[in-house]
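Visitor: This is the structure I want to talk about, given as structure tokens.
Bear in mind these aren't lab numbers, they're just calculated from the coordinates by the rules spelled out. Keep in mind the model is a prediction, meaning the values are calculated, not measured. So basically every Cβ, Gly included, is an ideal-geometry build from the backbone, and we count neighbours across all protein chains shown.
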Amino acid sequence: MMSILLPQTHNVTNMVPSTQLLLLSCFLLQFASTFVNSSYSTQNYYYVPESPKKALLNEIDSCWKAKSNWASNRQALADCAIGFGKYAIGGKYGAIYRVTDSSDDPINPKPGTLRYGVIQTQPLWITFSKDMVITLENELIMNSYKTIDGRGVKVEISNGPCITIQYVSYVIIHGISIHDCKPGKSGLVRSTPEHVGHRHGSDGDAISIFSSSNVWIDHCYFASCTDGLIDIIHASTAITISNNYFTNHDKVMLLGHNDQYTADKIMKVTIVFNHFATGLIERMPRVRFGYAHVVNNKYDEWKMYAMGGSANPTIFSESNFFIASNNQFAKQVTKREAKKKWKSWKWRSSKDIFQNGAYFVPSGYGSCAPNYSRAQSFTAAPAFTVPAITLNAGPLTCVVGRAC
């Protein structure tokens, strides 16, 4: 079942001035020839892939964004992830499910609501029939093989508990705004059509990823939640966080449960093409035990630090663009929460750009490059192009029949 989407309203935050568009065009024309071709799976009977085209600086967006048939070929997006979350296929092999009702019932969700779709056991590609603001009554517990796709409309989840990805795999969340999230209440919440369980109450994160794998979060807006914006904990791994816009928050992104939870050593996360805008304080990300490849992100005037960690994590900062604030005590990109032995931790900066006094303190010995498979790998764009290629971070304005 395919759906007809209404045009999305303009998002003033993401409108791009004509001079910036001209700059972006120049960068793309200059560097497009240096990147490899993107490719599509040939074993798929649920959508019709187009011929591959040469990748541009943003290898995710160049895979699908310029194609006018995105609305009739939505599941092609599942082939466009890069990095550790490359295999997060979401509902690629499932039916299209349309959200038509913005109401919420945590125990007995109605067909047509978002909760009814995300708890189903079969793969689903979830879309929205119109602009809507969804205020959840309790945390939204997602099942495996689900995509939440907000393209074509303006979708907000706000002013209530937000999204929990727990003990599941193969999830995509794309093109929605998640902000002003509140803690969940103690009580019953349905997680599958057959199971209702008692929950102790969520923390107030925008997205909590707990003991889950193969997750991709792309082109979303995050701001002003009670706890974190994205938490990735309890041995979650194979995750890509890309093209998102973060603003107005304290503790932005946590990777790793606590300093004693050694199971987080398996964690591998790619953080790419995001815009960490003004109004952020710390944790972009903060890492424990695991591995983070932080590449081609723009950082604007953090108030404490940008990247931090404890318990011997590995952080590879590659071709990012850092602009420090005028506060002389907030120039350092890095913060290690350890009194000793941190000098052996592998924290490296490669081809980053630092402005207004920003600086990165490296540590450790030996290579810390990501051990990507051939399908996961990609080439970082030059750091000076990052302000241009992150201009469209956050939800896009997509109109049916036109390129986004």
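Visitor: If you check K110 against the conditions, is it free of Cβ contacts under 8 Å to residues at least 24 places away in the same chain and in contact with a strand residue (DSSP E or B) (Cβ under 8 Å, 6 or more places away or on another chain)?
Guide: Answer is yes for this residue.
Visitor: Separate question: Looking only at residues that are part of a loop (DSSP other than H, G, I, E, B) and touching a helix residue (DSSP H, G or I) at 6+ places or on another chain (Cβ under 7 Å) in region 67-90, which one is nearest to V196 (Cα to Cα)?
Guide: G90
Visitor: Does T192 satisfy being farther than 16 Å from T135 by Cβ and in contact (Cβ under 8 Å) with a residue 40 or more places away in the chain?
Guide: Considered against the rule, which asks whether it is farther than 16 Å from T135 by Cβ and in contact (Cβ under 8 Å) with a residue 40 or more places away in the chain, T192 comes out as yes.
Visitor: Something else: Can you tell me which residue in region 301-315 is farthest from A263 (Cα to Cα), limited to those that are over 18 Å from the mean Cα position of the chain (by Cα), outside any loop (DSSP other than H, G, I, E, B) and not hydroxyl-bearing (S, T, Y)?
Guide: Restricting to residues being over 18 Å from the mean Cα position of the chain (by Cα), outside any loop (DSSP other than H, G, I, E, B) and not hydroxyl-bearing (S, T, Y), the top hit is G308.
Visitor: Quick check on region 101-114. Is at least one of its residues aliphatic (A, V, I, L, M), farther than 14 Å from V168 by Cβ, surrounded by fewer than 19 Cβ atoms within 10 Å (Cβ to Cβ) and out of contact with any Phe, Trp or Tyr (no Cβ under 8 Å at 6 or more places or on another chain)?
Guide: yes
Visitor: Counting only residues that are on the phi < 0 side of the Ramachandran plot, assigned to a loop (DSSP other than H, G, I, E, B), surrounded by fewer than 16 Cβ atoms within 10 Å (Cβ to Cβ) and among the basic types (K, R), how many does region 316-346 have?
Guide: 2
Visitor: Still on this model: Having 1 or more residues that are within 19 Å of the chain's Cα centre (by Cα) is the bar; report the strands (runs of 3 or more DSSP E) wholly within region 171-285 that clear it.
Guide: Here the list reads 177-179, 207-210, 213-218, 221-223, 230-233, 237-242, 245-247, 249-251, 253-255, 268-272, 280-282.
Visitor: Return the residue satisfying two criteria in turn: it lies in region 286-297 and is assigned to a strand (DSSP E or B) and of a type outside the set (G, A, S), and of such residues it is nearest to T314 (Cα to Cα).
Guide: The selected residue is Y291.
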